[in-house]
Amino acid sequence: HFLVNDKKVTIPSFLVSPEDVIQVREKSRKIQKINESLEIAGQRGIPKWLELDSANYSGKIVDMPKRDEITMPIKEQLIVELYSK
């Protein structure tokens with residue numbers, strides 16, 4: 001359903017970098033869940049390390065986030081424990 005830098009992406013864990021542009025494919029723009037998500041994202045607010053252009057169904061990675069810019073409650077120790085197995 002997505003393009004990164006105008007190339008089709010089918011890998012859910014695709015690694016993006018700063019300046020990458022992510023957009024919804026033309027065929028997928030009618031999917032209700034995608035439209036709802038764009039609407040909710042606009043209401044919730046966009047982090048400063050991302051840009052959103054909901055009119056064109058695209059966004060851009062402006063910069064890699066710093067730890068203090070991430071507002072989600074993340075427990076890094078649990079991630080380390082999972083990947084160290």
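Checking each residue in segment 41-76 for being open to solvent by less than 90 Å² (accessible area, probe 1.4 Å) and either touching a helix residue (DSSP H, G or I) at 6+ places or on another chain (Cβ under 8 Å) or over 21 Å from residue 15 (Cα atoms) (or both) picks out 41, 42, 45, 47, 49, 52, 54, 55, 56, 57. Provide a single number: the residues in segment 4-16 that are at pLDDT 95 or above and either hydroxyl-bearing (Ser, Thr, Tyr) or open to solvent by less than 50 Å² (accessible area, probe 1.4 Å) (or both). Of the residues in that region, 1 qualify.
Within segment 44-73, residues that are more than 15 Å from residue 2 (Cβ to Cβ) have Cβ atoms under 6 Å from residues that are modelled with pLDDT of 90 or more and open to solvent by 80 Å² or more (accessible area, probe 1.4 Å) in these pairs: 62/51, counting only partners at least 6 apart in sequence or on another chain. Checked against the criteria, residue 38 counts as under 15 Å from the mean Cα position of the chain (by Cα), in a helix (DSSP H, G or I), without any contact (Cβ under 8 Å) to a residue 60 or more places away in the chain and surrounded by 10 or more Cβ atoms within 10 Å (Cβ to Cβ).
Among the residues examined, residue 79 does not qualify as open to solvent by less than 90 Å² (accessible area, probe 1.4 Å) and part of a loop (DSSP other than H, G, I, E, B).
The values are calculated or read from the model by the stated rules, or taken from the named source; none is laboratory data. Bear in mind the structure is a predicted one, so any value in this text is a computation, not a measurement. Here the Cβ is made from the backbone with ideal geometry for all residues, glycine too, and neighbour counts use every protein chain on show. These accessible areas exclude ligands, DNA and RNA; they are computed on the full protein's heavy atoms, side chains included. Shrake-Rupley method; radii C 1.70, N 1.55, O 1.52, S 1.80 Å.
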